[in-house]
Amino acid sequence: VQLQASGGGLVQAGGSLRLSCTASARPVSMRTIGWFRQAPGKEREFVAAIRWTGDNTYYADSVKGRFAISRNSAKNTVYLQMNSLKYEDTAVYYCGIGNPILSATRDSEYYHWGQGTQVTVSS
């Protein structure tokens, strides 16, 4: 399975962006899509996750209430709607796919990754 992430860009603090992650095929054996981010000089950190089926989602505390993860199964695409963006949200955002439990926050539990998309929030 190949993942293609897109939608990043430059936005002012308080603004919004929507990221997309499209899989080349429906991942039959991998249940979970996650978004992670990596800021310069920092480790990659968990942002949000969703299952390919069902409505359950999970968020990092730092984005809860501001970000929303959703899915369009017909398009094999997962979205990350980011609202009320802050300077500290600036990072390269990656989507990954794997089979962890929804609340897993370690990137080692995801098997395949997209190429990353840059999000820059100006203060």
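The values are calculated or read from the model by the stated rules, or taken from the named source; none is laboratory data. Predicted, not measured: the structure shown is a model, and the values here were computed from it. All Cβ positions, glycine included, derive from the backbone under ideal geometry; neighbour counts span all protein chains shown. Surface areas here come from the heavy atoms of the whole protein model, side chains and all, with no ligands, DNA or RNA. Shrake-Rupley method; radii C 1.70, N 1.55, O 1.52, S 1.80 Å.
Numerical summary
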item	result
Test for residue 60: is it small (Gly, Ala, Ser), surrounded by fewer than 22 Cβ atoms within 10 Å (Cβ to Cβ) and modelled with pLDDT under 95	no
Unique match (being assigned to a loop (DSSP other than H, G, I, E, B) and either in contact (Cβ under 8 Å) with a residue 40 or more places away in the chain or touching an Asp or Glu at 6+ places or on another chain (Cβ under 9 Å) (or both)) among 65, 15, 96	15
When residues of segment 63-116 are limited to those that are touching a Gly at 6+ places or on another chain (Cβ under 7 Å) and of a type in the set (A, V, I, L, M), the one farthest from residue 39 (Cα to Cα)	85
Residue in segment 40-47 that is part of a loop (DSSP other than H, G, I, E, B), touching a residue at least 40 places away in the same chain (Cβ under 8 Å) and in contact with a helix residue (DSSP H, G or I) (Cβ under 8 Å, 6 or more places away or on another chain) present	yes
Considering residues of segment 39-57 that are in contact with a Leu (Cβ under 7 Å, 6 or more places away or on another chain) and more than 15 Å from residue 81 (Cα to Cα) only, the residue least open to solvent (accessible area, probe 1.4 Å)	51
Failed condition for residue 108, given (1) of a type in the set (Gly, Ala, Ser); (2) in a helix (DSSP H, G or I); (3) touching a Lys or Arg at 6+ places or on another chain (Cβ under 7 Å)	(3)
Residues being crowded, with 18+ Cβ neighbours inside 10 Å, charged (D, E, K, R) and closer than 21 Å to residue 15 by Cα - total across segment 63-108	1
Residue that is farthest from the chain's Cα centre (by Cα), among those in segment 7-38 that are of a type in the set (Gly, Ala, Ser) and surrounded by 16 or more Cβ atoms within 10 Å (Cβ to Cβ)	23
Every residue from segment 18-39 that is of a type in the set (Ser, Thr, Tyr), farther than 17 Å from residue 79 by Cα and part of a strand (DSSP E or B)	none
Candidates 86, 75, filtered to the one that is among the charged types (D, E, K, R) and closer than 17 Å to residue 5 by Cα	75
